[in-house]
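What follows draws every value from the coordinates through simple rules; no lab data is involved. All values reported here derive from a predicted model rather than from experimental measurement. Here the Cβ is made from the backbone with ideal geometry for all residues, glycine too, and neighbour counts use every protein chain on show.
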Amino acid sequence: MLKEFFDHFPYILLGLEGLYLIGIIFLAGKIIMDTRNTSKTLAYLMLIIFLPVVGIIIYFVFGVNYRKNKFYTFKIERNEQIYQAVSTYIHETHHKTLENHHEEMDQFLTTVNFLYHAGHSPLSQGNYAEILVNGERKFEKVFEVLEKAVHHIHLEYYIYDNDSIGNRLADLLVKKAGQGVKVRFLYDDMGSGKIGKKLLRRLKDAGIEVSPVNKITFRLLANRVNYRDHRKIIIIDGAEVFTGGINVSDKYINPNPKQYWRDVHLYMKGEAAFYFQFLFFSNWIFATEKIPEISQLYFSKNNVGGSSLIQTAASGPDTKPSIMLSTTSAILSAKKRIYIVTPYFIPVETVLNAIKQAALSGVDVRLMVPKSGDSVVVNAAAYSYYEELLENKVRVFFYKKGFIHAKTMLIDDIFSSVGTANMDVRSQELNFEVNALVFDQKINGKLQDLFHEDMNDCEEVHLDSWRKRPKHKVFFEHLARLLSPLI
């Protein structure tokens, strides 16, 4: 019937085709103007040209830059208001720490000053830091510290599941709320799809303030899935902090040995908590559009006498790409070694070039990744980079015991990064992420020991054998890499 209609009125079809062509031209112009990353620009242009209708849908779901949208203008303005309230302390803390530790921080001074100027993140001193391996150790420590909370507990999680560990944590939060502790809980509405209305209702009924960061009404059509709150943060009484790769889910405590999850979290106590609190309140105000009464009780200024200097690298659609740029800066500061552990290696060009440059300069650069990821396409895209790394003297190790989900990097003898950001485009350009940068020989040594221990469960990839992979696999990997800016 439709064909017959257009046969009788061909000028209508011609008009529609003309309008569609004009629309494509205008959309192409918008993509070129709004998308700063060249590879992403080309990928979106290819999609809308070669997949006419589907490509347009994909762009509007994943590609629209909300950084310029009024949706984030509110958050950016509130971030600045909170910063103005604490700017004096941030300034004094940073400069006092540098004054006391200038010589030992000289190697990484460019990175440290960049984070201070780009993200208002101070370098703090006298902190205690502890590496927590796997969910079993993390949650043991979390429950121990939460039991002692007296004023407030703040949580921000990408994934919170309604399962055994999720309900055990909820029980403790309800208990502490009943004792008069103020509990606030932020969750990502996309990642925490399994949290369940019943668990949320129980938390709210106990007096706990709960909010998604970006409320999603229709998941399949939700543009905001592109800007996920991928952070995992717990702040206790403004003085103690947990962050790292471990979400609230049973799989992280390894109930099934055949589905082993290898991960790392970090516990901190001291002035480092100050900036994490700043980040939490920034997202809380953004999510709820309400400004709570913020007293000094939320911000610790206590030096606990520890040996760790700590600074925070945070990124999101409301900030500069501080994680990507600080990672690049730190890598280029390396003199002896760089050990990177990440579950997803689809780096932006800046980071990739820095890694290759370091390796070709004689630095011992090692990358540990899962042999098999949790996504066929993502895994294939990552595989496409390994030959390039191997050609440039980077050593690549495939972890075989299970899925390695840790996001860590150590450089030389004092620099360590533990956080939530993967080494991929999404983490470094789109998501809300946070990494703790710890300058401490003991923490660095712990991560070195852990890396060498995990190498026992790895196979090293060698260039000659890697080049012998079947051609059809290589083609699929490069095709996946072409689409990697959209993954």
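Quick look at the values:
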read-out: Bridge type composition, the stretch 68-308 - antiparallel percent by DSSP, nearest 5; value: 65
read-out: Per-residue HN-Hα couplings for the stretch 408-420 [Karplus 6.51, -1.76, 1.60; θ = phi - 60°; Hz; x = Gly/Pro]; value: 10, 8, 10, 10, 6, 10, 10, 8, 9, 10, 10, x, 9
read-out: Across LYS204/LYS320; LYS141/LYS442; LYS371/LYS471; LYS175/LYS446, pairs whose alpha-carbon gap is larger than 25 Å; value: LYS204/LYS320; LYS175/LYS446
read-out: Over the stretch 335-383, relative contact order from alpha-carbon pairs under 8 Å, at least 6 apart, %; value: 53
read-out: Kirkwood estimate for the stretch 267-362, i.e. one over the average of 1/r between Cα atoms, Å; value: 16.4
read-out: 15 Å beta-carbon shell around GLU92, net charge (K/R +1, D/E -1); value: 0
read-out: Beta bridges per DSSP with both ends in the stretch 331-410, % antiparallel, nearest 5; value: 25
read-out: Taking only Cα atoms of the stretch 68-308, radius of gyration then Dmax in Å; value: 18.3, 54
read-out: Relative contact order (%) - the stretch 68-308, alpha-carbon pairs under 8 angstrom, separation at least six; value: 27
read-out: Candidate aspartates and glutamates for bridging to LYS215, where Cα separation is under 12 Å - those fewer than 8 sequence places away on the same chain excluded; value: ASP188, ASP189, ASP229
read-out: Overall form of the stretch 96-202 per C-alpha gyration tensor (a/c, 1.5; a/b vs b/c); value: prolate
read-out: Cα gyration tensor shape of the stretch 244-316, rounded if a/c is under 1.5, else prolate or oblate by comparing a/b with b/c; value: oblate
read-out: Gain on full stretching of the segment that runs from ASP449 to GLU388 - 0.36 nm per residue minus C-alpha separation; value: 19.2 nm
read-out: Summed residue charge, Cβ within 9 Å of SER307's Cβ, Lys/Arg positive, Asp/Glu negative; value: 0
read-out: Total formal charge among the other residues, if their Cβ is under 10 angstrom from that of ILE340, Lys/Arg +1 and Asp/Glu -1; value: +2
read-out: Global form of the stretch 391-467, assessed from the alpha-carbon gyration tensor, a/c cut-off 1.5; value: oblate
read-out: Per-residue ³J(HN,Hα) for the stretch 126-136, Karplus 6.51 cos²θ - 1.76 cosθ + 1.60, θ = phi - 60°, Hz, x for Gly and Pro; value: x, 8, 9, 9, 9, 7, 10, 8, 6, x, 4
read-out: Convex hull volume per residue for the stretch 172-279, taking Cα atoms only, in Å³; value: 137
read-out: Projected label distance in nm at LYS336 and LYS96, using a 7 Å step from Cα toward the beta-carbon; value: 3.1
read-out: Full-stretch length increase - LYS141, LEU463 - with 0.36 nm per residue and alpha-carbon distance subtracted; value: 111.7 nm
read-out: Centre separation in Å (Cα based) which lies between the stretch 176-214 and the stretch 309-363; value: 34
read-out: Calculated from backbone phi, Karplus (6.51, -1.76, 1.60) coupling profile of the stretch 385-398 in Hz, x at Gly/Pro; value: 8, 5, 4, 4, 5, 4, 5, 10, 6, 7, 8, 10, 10, 9
